[in-house]
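Input: a single structure, listed below in structure tokens.
Bear in mind that the values in this text are calculations on the coordinates, not laboratory data. Keep in mind that this is a model prediction, so the values were computed, not measured. Using ideal geometry, Cβ is built from the backbone for each residue, glycine included, and neighbour counts are taken over all protein chains shown.
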Amino acid sequence: MSLKGGYFKKGLWVDLTRGAIETRGLADAFLERYIGGRGFGAKLVWDNLREHDFKIDPLGAENLLVVAPGPLSGVYLPSSGKNSFVAISPATGLYGDSSMGGGFGVELRQTGIDLLSVAGRAAELSVLFIDGDGAKVIPMPELKGKSCLQAEGLIKERLGSHIVHMATIGVAGENMVGFACISADWGRNAGRTGLGTVMGSKNLKAIALQGNKDLPVYDMSGLVAEADKAYGYMKEHPFFKMWQRQGLMNVIDYANETGILPAYNFKDSVFARYQQINGTTMLNHYKIGDSACFACPMCCGNICLVKSGKYVGTVVEGPEYETCAMLGPNLGIDDFAAVLSAARLCDELGLDTISTGSIVAAVIEGYEKGILSLADLDGREITWGDDDAILELIRKIAHREGVGDILAGGSRRIIETWPEMDKVILQVKGLEQSAYDSRASISMALAYATSDIGAHHTRAWTIAKEMEEGSNWSDDERVGIVIYHQKLRPLFDMFGVCRLPWIELGLNELHYERFYNCVTGGSLSLDELLELSNDVYDLTRLANVRLGMSRRDDSLPYKVRTNPPLTGPNAGKVINQEDFQRLLTLYYQKRGWDENGVPPASLAEKFNDRV
Amino acid sequence: MPLKLTVIPEQCCGCRICELVCAIEHFGVNNPKKSAVRVLNIYPHPVIRMPVVCSQCRVPLCAQVCPTDALRWVEGVVQLEPSECIACYKCAESCPFGAIYVHEDCELPIKCDMCGGDPQCVKKCPTGALRLLPEAALGESKRLDNILSYTAMKEIELYEEGEKKVIRYAEVGKEEL
């Protein structure tokens, strides 16, 4: 079968060291098999690993940064504005990816390519500019030290166009902080696994795009009919309006009520003053506008302004749940204006808010417990809710000043320096855990432990379902739902669309089978698509195993095993290590991996075809 | 009564569904850059997401500068006669709102034709930022706001389930002291 739509069948390869730019054709077999987004990224990263005998320094010129939207990115269907970034992660040393919404991926596709691969290192700080006519690397050393937002403005001025879309890094990325993010559209971020750091290591300040090409759609009328059905379904959903008004901020109330909200570095899982930082407070006092990714009717993004007090004038795109939880309750902050200010600071510096919140919280607890001395903290005390000290510490991390230099190395560096910190940092494989407390749900703990990028909820988010209906689930059911999520959720990233219409508004996954087939002219069933997604999961596992990962890395953070939340509905709960290990063994069995989590050797050959 | 396509920028979330449906309706292609409506994002201070769309002016500057009279105001819509257009794009340059667009694939300028009276962008806008209103209703909200500033009406703000509400009232029956 040849693909009749969905792709330009072209990719752009850039080598910053040599200044070489090359457009290459992409074979149908590659496009069909890896679909897009993280699928493309995983395959290219795998090939690059093989070329380098599986020895890649995440900050070395040899690390490949793959930027890939998917065949559905930018297409008329709900929430099609997603784009993936893929590389070997500086946070984990393993496979890493992160996606962002907004309009960046759409613009990339409109330049007429399906993927961008960036290798090498530029001699000086540069911007990669791509339009329909080709690409060029423009040195702009004057951008050094500029924030993500400033840089975006300056580059637009320099290029003389206000309609270019771009992804930038901030000071954190330039300074190669282990958890720097990539930022686009004034505040959309590909936050996790330190991919901004990879850009920084390549001396690449920004990727700027301007495209105007038609996106290839095989069956337009079929697509419009399907998309209108899906849009109609979403608008009828009882929570639709609430999503438009609050976006992910509505999760604060839910998380507090169900006892999964991180408070005081996960010492607790409820926050007494949650109403001061929840969605209603945001709506009543801070929200000044809505913000949507491309083609998304839910517009879950918020734009907030602080109208009075010491943070007056702070404008920020956001926050959403993770940012608010990690920079609010998790740090003991109950002032929403301070949360906004911290979020804005992270956006400017180009720091992932989840990792930043997690590490700052661990520092506060480490100091409280005496693991860190006042001298370790350069003489500046830091306690729960002390917003001035917290903002100062965030700044020091991005600029690598004093203790910030160690913290900037991420969890692994912190634990190397102060081994006792392992007891207070919640991380798996070196990636700090997201803002859903897995002590309430063993399937969620398994999801974090087995996620290919570390403790992030993007691959599987089973916590809500387990809490609602999973109290009597068998081991089989618990493992089954994690594996199902790990097949389905990455498929959204491969398509280049957002998963929220599915997970939050109940849009049936079969819609996506039809979207895919209308756009590409293919005839794959959802099950076949899920198998392709599962293959990519096998592939990232293989890559991780070859990079030295094994069963002991599919682990639980110390706190999740040992320290129960103090109060709330889940007070006293921890994840029993024996139960967890039993589930993990079953998980490996069901995936067809051996008991050390290693996929069969024969599997590797499956992925050695040429792009 | 002629209907007018109007924009309420405060309600626009910047999703650009309007751009997509316009291009699909008129060109049959999935390309937001071939749309007669564009959402401009300007950030920061103040945050603006502004759909820019033709106002179908009664005294259309685009038609005045058109050297071949290819643009004419007919029944509430400034219509482009393709056979007379020489693709000089003077119209695009002269429009005070910048609401006429040019794309390298298209010879003719891209200009809103109101979809024959049933604009797709209005139909598909998820937030109600694009609306079709009778001409007589234009300015209604401004009139209301303005009146409040010079009448004795008082105003209180309150929140109900997170939604901001305003109650306006006149203080009556109060004795002058």
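R0 = 35 Å: FRET efficiency of residue A:525 with residue B:108, Cβ-based, nearest 0.05? Between residue A:525 and residue B:108 the formula returns 0.25.
Within the shell of other residues whose beta carbon sits under 14 angstrom from the beta carbon of residue A:352, the net charge comes to -4, with Lys and Arg scored +1 and Asp and Glu -1. Rg and Dmax of the protein assembly as shown, both derived from C-alpha coordinates alone, stand at 26.6, 95 Å.
If you fit an axis through the alpha-carbon atoms of helix B:17-27 and take the longest principal axis of the Cα set of chain B, what angle between them do you get, 0 to 90°, nearest 10? Once rounded, the angle reads 30 degrees. On the beta carbon distance between residue A:577 and residue A:275, with R0 = 25 Å, the FRET formula returns roughly 0.10.
Hey, for a label at residue A:235 modelled as a point 7 Å past Cα toward Cβ, could you say which residues of region A:507-526 have their backbone N under 19 Å away? Taking a point 7 Å out along Cα→Cβ of residue A:235, the residues of region A:507-526 whose backbone N falls under 19 Å are A:507-508.
Net charge within 14 Å of residue A:553 by Cβ-Cβ distance, Lys/Arg positive one each and Asp/Glu negative one each, not counting residue A:553 itself?
Numbers: positive: A:412, A:429, A:541, A:546, A:551, A:552; negative: A:422, A:452, A:554.
Taking every Cβ under 14 Å from that of residue A:553, the sum is +3.
Specify the longest stretch of chain B that does not include any exposed loop site, a site being one of the GluC sites (Glu not before Pro) with a non-H, G, I, E, B DSSP assignment and at most 15 other Cβ atoms within 10 Å. For GluC sites (Glu not before Pro) (loop position, at most 15 other Cβ atoms within 10 Å), the longest site-free span of chain B is B:1-74.
With pairing defined as another cysteine C-beta under 4.7 Å, the cysteines of chain B that fail it are B:12, B:15, B:22, B:57, B:66, B:85, B:88, B:95, B:106, B:115, B:125. Place a point 7 Å from the Cα of residue A:563 along the Cα-to-Cβ direction; which residues of region A:442-461 have their backbone N under 20 Å from it? Those under the cut-off are A:442, A:445-446, A:448-449, A:455-456.
Please work out the FRET efficiency for the pair residue B:48 and residue A:55, using the Cβ-Cβ distance as r and a Förster radius of 45 Å; give the result to the nearest 0.05.
Values: r = 50 Å, r/R0 = 1.10.
The calculated FRET efficiency here is 0.35.
Largest GNM mean-square fluctuation among B:109, B:51, B:96, using chain B with Cα springs under 10 Å: B:96. The mean number of partner chain beta-carbon atoms within 10 angstrom of a residue's beta-carbon across peptide B:22-30 is 4. Cross-linked pairs A:287/B:165; A:487/A:559; A:82/A:465; A:10/A:136; A:4/A:213; A:9/B:124: Cα-Cα separations exceed 22 Å for A:487/A:559; A:82/A:465; A:9/B:124. Taking label positions 7 Å along the Cα-Cβ direction at both residue A:547 and residue B:140, the computed distance is 5.8 nm, reported to one decimal. For the pair residue B:57 and residue A:150, label points projected 7 Å from Cα toward Cβ lie 4.0 nm apart. The angle between the Cα long axis of helix B:140-150 and the main principal axis of chain B comes to about 40°, on a 0 to 90 degree scale. Can you classify region A:433-606 as rounded, prolate or oblate using the Cα gyration tensor, where a ≥ b ≥ c are the square roots of its eigenvalues, rounded means a/c under 1.5, and otherwise it's prolate if a/b beats b/c and oblate if not? In terms of gyration-tensor shape, oblate. Most fluctuating residue of B:58, B:143, B:49 in a GNM of chain B with Cα springs under 10 Å: which is it? Answer for the Gaussian network model of chain B: B:143.
Starting from the Cα gyration tensor of region B:3-136, take the square roots of the eigenvalues, sort them a ≥ b ≥ c, and report rounded, prolate or oblate (rounded when a/c is under 1.5, otherwise prolate if a/b is larger than b/c, else oblate). If you can, show how the numbers build up before the last one.
Numbers: a/c = 1.57, a/b = 1.43, b/c = 1.09.
Cα axes put region B:3-136 in the prolate bin.
Return the tail of the calculated pair distribution for region A:25-100, meaning the percent of Cα-Cα pairs more than 17 Å apart. The share of Cα pairs beyond 17 Å in region A:25-100 comes to 47 percent. Judged by the gyration tensor of its Cα atoms, with axes a ≥ b ≥ c, region A:10-210 is rounded; a/c sits under the 1.5 cut.
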